[in-house]
Amino acid sequence: MHCSHEHQWRGVRDRFYADLSDDQLVLLVVDETKLSSPVVVEQLGGAPDAFPHIYGPLEISAVVEVRAVTRD
């Protein structure tokens, strides 16, 4: 599963989800210590930054916050 660090999610939203309104998206805040799957930060393809990836399931218990997405 492709994830983003705090400073990266806005760029991902703008690049891949610009056609969706803010009320169609939510931001999940994940506590990595509650995951059973490894998180690997990788620089893939021509991406300008390395991004975290979860290699396995995302347990609901690891989601510690659900945030509304805003363009502000």
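Considering each residue of region 8-27, count those that are part of a strand (DSSP E or B) and among the β-branched types (Val, Ile, Thr), and give that number.
So the answer is 1.
Test Phe16 against the criterion of being without any contact (Cβ under 8 Å) to a residue 12 or more places away in the chain and either in contact with a Phe, Trp or Tyr (Cβ under 7 Å, 6 or more places away or on another chain) or closer than 17 Å to Met1 by Cα (or both), and give yes or no.
yes
Does at least one position in region 47-58 carry a residue that is touching a residue at least 12 places away in the same chain (Cβ under 8 Å), of a type in the set (A, V, I, L, M, F, W, C) and assigned to a strand (DSSP E or B)?
The answer is yes, given that some residue of region 47-58 is touching a residue at least 12 places away in the same chain (Cβ under 8 Å), of a type in the set (A, V, I, L, M, F, W, C) and assigned to a strand (DSSP E or B).
Of the conditions (1) without any contact (Cβ under 8 Å) to a residue 24 or more places away in the chain; (2) surrounded by 13 or more Cβ atoms within 10 Å (Cβ to Cβ); (3) assigned to a loop (DSSP other than H, G, I, E, B); (4) not aliphatic (A, V, I, L, M), Ser4 clears all except one; give me its number.
Going through (1) without any contact (Cβ under 8 Å) to a residue 24 or more places away in the chain; (2) surrounded by 13 or more Cβ atoms within 10 Å (Cβ to Cβ); (3) assigned to a loop (DSSP other than H, G, I, E, B); (4) not aliphatic (A, V, I, L, M) one by one, Ser4 breaks only (1).
FYI, it's all coordinate maths here, none of it is from the lab. On a predicted model such as this, the values are computed, not experimentally measured, just so you know. Note that we place each Cβ from the backbone using ideal geometry, even for glycine, and neighbour counts take in every protein chain shown.
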